[in-house]
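In what follows, a single structure is set out as structure tokens and then discussed.
The values are calculated or read from the model by the stated rules, or taken from the named source; none is laboratory data. From a predicted model like this one, the values you see are computed outputs, not experimental measurements. Because the Cβ atoms are built from the backbone with ideal geometry, glycine has one as well, and the counts that use them run over all protein chains shown. Heads up: the accessible areas ignore ligands, DNA and RNA and are worked out on the full protein's heavy atoms, side chains in. Shrake-Rupley method; radii C 1.70, N 1.55, O 1.52, S 1.80 Å.
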Amino acid sequence: MEVLLQLLVAGAWMFTLINGFRRLLRLARVSHLHRWESNIRVRSGLSRIWWWLGQEEFWSAARYDVAHALQVSLLVFLFVWHMAG
């Protein structure tokens, strides 16, 4: 039971990280890495990613995802606390 709850919390945070990374790549319009032929395309893709990390549009959606992961973590904590007491 404990391992299942730990996996639930870890899965919520893993989903948050993956979702944020996918959103960042989509906003930066970065194609798949294996299609990048030249060093210039790699640098331009990385600079677009860096630019989007400073934009509010990316962080407003990321804040929502983090709040959701915090909510799941808190619910699991309260469930475990109730079961122990």
Task: Subset of region 1-32 that is among the polar types (S, T, N, Q) and under 30 Å from F79 (Cα atoms) - its residue that is least open to solvent (accessible area, probe 1.4 Å) - done: T16
TODO: Please work out if S44 is at pLDDT below 90 and open to solvent by 40 Å² or more (accessible area, probe 1.4 Å).
DONE: yes
- [ ] Considering only residues that are open to solvent by 60 Å² or more (accessible area, probe 1.4 Å) and either touching a Leu at 6+ places or on another chain (Cβ under 6 Å) or in contact (Cβ under 8 Å) with a residue 24 or more places away in the chain (or both), look in region 67-82 and name the one that is farthest from L5 (Cα to Cα).
- [x] H68
